[in-house]
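The values are calculated or read from the model by the stated rules, or taken from the named source; none is laboratory data. Quick caveat, the model's predicted, so the values are computed rather than measured. Because the Cβ atoms are built from the backbone with ideal geometry, glycine has one as well, and the counts that use them run over all protein chains shown.
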């Protein structure tokens, strides 16, 4: 990355780096929140079919597994999507 | 911010890259939501079996096939009824829902940043 080229910029190199990491962090947080919300919805539906008087240990085990599997699914889907995009790109050339 | 981006190509590049990454993550999130319901019958396992994994992959492929197919069908239709303003409105909905319009842009960037991470 060539930081010296931005001479006319109002930002110094440090300021720019700070702004960039701030932007990235905010996006990461938003993304994590979105995923967490989806996990809560899906895993509640699949693991808590008969809500008891408390969250049983088998409920908790199911929720833990379910969350891990949701992240697995997200990664599998992401990989498939990215590979498809690359394939489409290769065909377009 | 706009003015800052004009005078700072490095920052502008970064922001464009972030926008593209976000778009891809959003699409992946949406696909995961849809394909989870279709493919996962039991999440209470220590790992997916190969059948579930290929279901997820097929789900993504067929979803993209379906939207591509529908866009083609749709443009055939809207050519024969091009005067109707209803179709112009619906086209916007397809853009929003299936995120087809940003994809060509995505592809260009994808070439450059090969080390893209989803998670």
Legend entry - Of all residues in the stretch B:43-60 being within 8 Å of another protein chain (Cβ to nearest Cβ) and surrounded by fewer than 17 Cβ atoms within 10 Å (Cβ to Cβ), the one that is nearest to residue A:43 (Cα to Cα): B:44
Inset, instruction - Determine whether the stretch B:15-26 contains at least one residue that is under 17 Å from residue A:79 (Cβ atoms), touching a helix residue (DSSP H, G or I) at 6+ places or on another chain (Cβ under 6 Å), surrounded by 15 or more Cβ atoms within 10 Å (Cβ to Cβ) and within 7 Å of another protein chain (Cβ to nearest Cβ). - result: yes
Inset, instruction - Select, from A:81, A:65, the only residue that is over 16 Å from residue B:30 (Cα atoms), at pLDDT 95 or above and in a helix (DSSP H, G or I). - result: A:65
Inset, instruction - Could you tell me whether any residue of the stretch A:44-64 is under 21 Å from residue B:47 (Cβ atoms), surrounded by fewer than 19 Cβ atoms within 10 Å (Cβ to Cβ) and at the interface with another protein chain (Cβ under 7 Å from one of its Cβ atoms)? - result: no
